[in-house]
Amino acid sequence: MNLSDQNGSASSRAADKEPRYANRRRLTRVGAIAVLLVASTAVACSNRNDDSADAAPATSSPASNWPGNGDPATEAFRTHLARSEAGKELLAISMHVMTEEAGPPLAIRIVTNLDRELRDSDSPDVPKAVKIAKAFADWHTDEFKDHGTVKIGNPATEVMATVSW
């Protein structure tokens, strides 16, 4: 037996080493791709620019940066509030009107920026939530002549006031 037979041929040694290195290279590539995907997703999902005016919280400019702006139901209710003297004070509150069930009777939820500390029932914002609910119920009664229930919620969507019409 010669020395090359004992150590194995050069081609068999190369074949033995290649899969290990190939697996390492493949794992390195997969890891690098995963890091790039996570980084690009993080950049794409963060549309926040702290230097821009849009980075302000909803409490600083409620009418312009609430997610419901542009929604027809929210805009129609805000237009109704703007027409009445009593409703104008409610325009400073950010709100988003959502229809939970569209058949008779309607089930409406309005998410607001009221009760930001999430104080439950002892919140000083509960009277404002009741005013919004009554204004919405009155509007639907007068304008649409329909029936339903409106629930006013805080940012955590906890119900602060409920009115049926």
So if I check each of THR149, THR141, THR79, which one is outside any helix (DSSP H, G or I) and modelled with pLDDT of 90 or more?
THR149
Answer yes or no: is there a residue in the stretch 127-136 that is assigned by TED's automatic domain parsing to the domain that holds ASP71, without any contact (Cβ under 8 Å) to a residue 24 or more places away in the chain and in a loop (DSSP other than H, G, I, E, B).
no
Go through the stretch 113-157 and give me each residue that's charged (D, E, K, R) and surrounded by 15 or more Cβ atoms within 10 Å (Cβ to Cβ).
ASP115, ARG116, ASP125, LYS128, LYS131, LYS134, ASP138, LYS151
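The values are calculated or read from the model by the stated rules, or taken from the named source; none is laboratory data. Predicted model only: the values in this text are computed from it and were never measured. Virtual Cβ from ideal backbone geometry, glycine too; neighbours counted across all protein chains shown.
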